[in-house]
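Below is one structure; the comments refer to it alone.
The values are calculated or read from the model by the stated rules, or taken from the named source; none is laboratory data. Because the structure is a prediction, the values reported are computed rather than measured. Using ideal geometry, Cβ is built from the backbone for each residue, glycine included, and neighbour counts are taken over all protein chains shown. The area values use the complete protein model at the heavy-atom level, side chains included, leaving out ligands, DNA and RNA. Shrake-Rupley method; radii C 1.70, N 1.55, O 1.52, S 1.80 Å.
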Amino acid sequence: MIKDLTIGQYYPVNSLIHSLDPRFKIVLLVVLLVFTFIADNFFALGLMVAFVLVVMVISKVPFSMYLKNLKIILPILIFTMLLNLFYVADGVVLYEFWVIKITVGGISRSVFMSLRVILLIIISATLTYTTTPNDLTTAIERLCSPLRFIGLGSAVHTMSMMMTIALRFIPTLVEETEKIINAQKARGADFESGKLMQRVKAIIPILIPLLISSVRRAYDLAEAMESRCYNGGKNKTMMKQLKIKNGDIISTIVVIIFCCSIITLNIFF
Amino acid sequence: MMDNIIEIDNLYYSYEDEDNYSAVIEDLNLKIERGSFTVILGHNGSGKSTLAKLLNGLYKPTGGTVKVNGMLTTDEDKEFEIKKTVGMVFQNPDNQLVASVVEEDVAFGPENLGIAPNEIRERVDYALKSVGMYEHKDSSPSRLSGGQKQRVAIAGVIAMKPQCIVLDEPTAMLDPSGRQEVIDTILKLNKEQGITVVLITHFMNEAEFADRVLVMDDGTILDDGKPADIFSKVEFLKKCGLDVPQTTELLYELSKNGFDVSRGIISAEETAEAIAKLF
């Protein structure tokens, strides 16, 4: 059922990575993403691959889940490989035919670039696999909270409230869409056949009822929120306090050491 | 000593519409006693939902006054105090839950009140336990049944420590078992925690356990009394557009045809006993 669709593909297991403070997780993974670009030789990238493999194992998320992610970007991956393979003319020529010239440099470049893309995908997937959308929202709100010093406090709150409500209502609206589709089908609506334009037009009888009911829901929700003393987040407290644990400090240290090694490898090779 | 939590005097309310001025609530007077369980019955369009929203200041009276613990709902400085005292539960369970984790939703009210995090934690746990949803505290509302969602909504209100809960047709969108869950929860809160309950509904059998039943139509209160008194007036209830429970109707028809049965009974067991006594 579409109802069970999880947004942000969270994978619920208990692992060290799962238990990290989401704020740290976001920052550390962004650092790793940046260092994927900083690593500019095979040794540095090799270390990067090894590190990411360790992270994958610690996260307890099955490798097949990560592979699923890579499958989606396979076309981009192949494109990157081919582009680098043909356009980088560097080193010994292995094969030459008409305008195509394959060189050792080209092969190594294409392997290097595709590894980079793979790493990028896996690192970002780690974040979404190990962090619930709610934690992500909270973390983003907290990370943005310094913005209140430049007068953007209520904007940050509004954004995070919007994200919270959107996450809350996605399953509800999906369910509603299913109902509307079934209701329209029961009245003889045809969504599967016809030319492109006809099919696009067939979506209108789904969208309009959905829009109307969403507006109604919004009114109801506004009244319910008002009844629960919502006033736009002024003086709002949070039940869940994010606490920095030992694991967060240790992972930060590990990532710092790792980044230093990448820089060292970059310099020496 | 009569101690009223809600006092309504000469209440008028009309939606702002210049073309056809028609009052939704007309000259309504009502006092609700602290700790009582009041059921307001009325068919769709009788003005009962509007009345609910007037009770916690979501709507402001066009004329007359609504007082909660002596505070006028038109007093803007008391707005939070009133909403904290009179909690609201609405009809559609999906449209009143804010967060996608049960416990975070329950925490929404106390968070808005600016309560310290560890106290919110205590209140949330307490609220979830009192509606029997504690074991679902980490679930997503979208995975719960209608009755469970409605119980979470009630917990969200309980976490604000209200003295009164107004429920606006909380069971209208639920299946029979969900309805029972919600009604049992409300009863428990009323009896065990002494919370004043105002239950607005068009299901008469939910009025069975009430201390007092009000019948509403055309924006005014037509009758007010004990459940048994109200239920014996079958003709009148039908005239107000209410669905009389089958048991009550059966007894009514029997007594009309000369059988000596007590009227104003709702539950199937009591009805069976009353009929058994005839033979």
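Brief remarks on what is shown
- Per-residue ellipticity at 222 nm from helix content only, as computed over the protein assembly as shown with -39500 (n - 2.57) for each DSSP H run of at least four residues, stands at -17500 deg cm²/dmol.
- For the stretch B:43-53, putting each phi into the Karplus relation 6.51 cos²θ - 1.76 cosθ + 1.60 with θ = phi - 60° gives couplings of 7, 4, x, 7, x, 6, 5, 4, 4, 4, 6 Hz, in residue order, rounded to whole numbers and with x for Gly and Pro.
- Largest GNM mean-square fluctuation across B:GLY42, B:GLY114, B:GLY225, computed for chain B with C-alpha springs under 10 Å, falls on B:GLY114.
- Candidate lysines for bridging to B:LYS233, where Cα separation is under 28 Å - those fewer than 8 sequence places away on the same chain excluded: B:LYS31, B:LYS48, B:LYS191, B:LYS256, B:LYS277
- Most tightly packed first, judged by the mean number of other beta-carbon atoms within 10 Å of their residues, the peptides A:230-242, B:145-157 read B:145-157, A:230-242.
- Couplings 3J(HN,Hα) of the stretch B:135-148, computed from phi: 6, 9, 5, 9, 7, 9, x, 5, 9, 9, 6, x, x, 5 Hz, in residue order, whole Hz [Karplus 6.51 cos²θ - 1.76 cosθ + 1.60, θ = phi - 60°; x for Gly and Pro].
- Degrees between helix A:104-130 axis and first principal axis of chain A (Cα, 0 to 90, nearest 10): 30
- Shown are A:TYR87, B:TYR15, A:TYR10, whose ranking by accessible area with a 1.4 Å probe and every protein chain present, most to least, is A:TYR87, B:TYR15, A:TYR10.
- Shielding value for A:113-124 is 0, the average number of Cβ atoms from other chains within 10 Å of each residue's Cβ.
- Ranking B:GLY147, A:GLY106, A:PHE191 by how far each Cα lies toward the positive end of the dipole of the protein assembly as shown (charges on Cβ) leaves A:GLY106 at the top.
- Under 29 Å from the Cα of A:LYS236 - lysines, other chains or at least 8 residues apart: A:LYS25, A:LYS245, B:LYS53, B:LYS60, B:LYS67, B:LYS78, B:LYS83, B:LYS84, B:LYS129, B:LYS137, B:LYS149, B:LYS161
- Principal-axis tilt of helix B:117-130 within chain B, Cα atoms, nearest 10 degrees: 20
- Just checking the listed ones, B:LEU128, B:LEU214, B:LEU113: in the Gaussian network model of chain B with Cα springs under 10 Å, the one fluctuating most is B:LEU113.
- Label-point separation in nm, A:TYR95 to A:PHE42, each point 7 Å along Cα→Cβ: 1.9
- Dipole-positive endmost among B:ASN44, B:VAL106, B:ASN118 within the stretch B:35-148 (Cβ charges, Cα centre): B:ASN44
- Helix axis angle, B:102-112 relative to chain B longest principal axis, alpha carbon, degrees: 70
- Accessible area buried by the pairing of B and A, both sides summed with a 1.4 Å probe, works out to roughly 3200 Å².
- For the residues B:SER22, B:SER49, B:SER14, a GNM of chain B with alpha-carbon springs under 10 Å puts the largest fluctuation on B:SER22.
- Whole-percent carbon and sulfur share, accessible surface of chain B, 1.4 Å: 47
- Placing +1 on the Cβ of every Lys and Arg and -1 on the Cβ of every Asp and Glu, with no other charges, gives the stretch A:144-227 a dipole of roughly 280 debye about its Cα centre.
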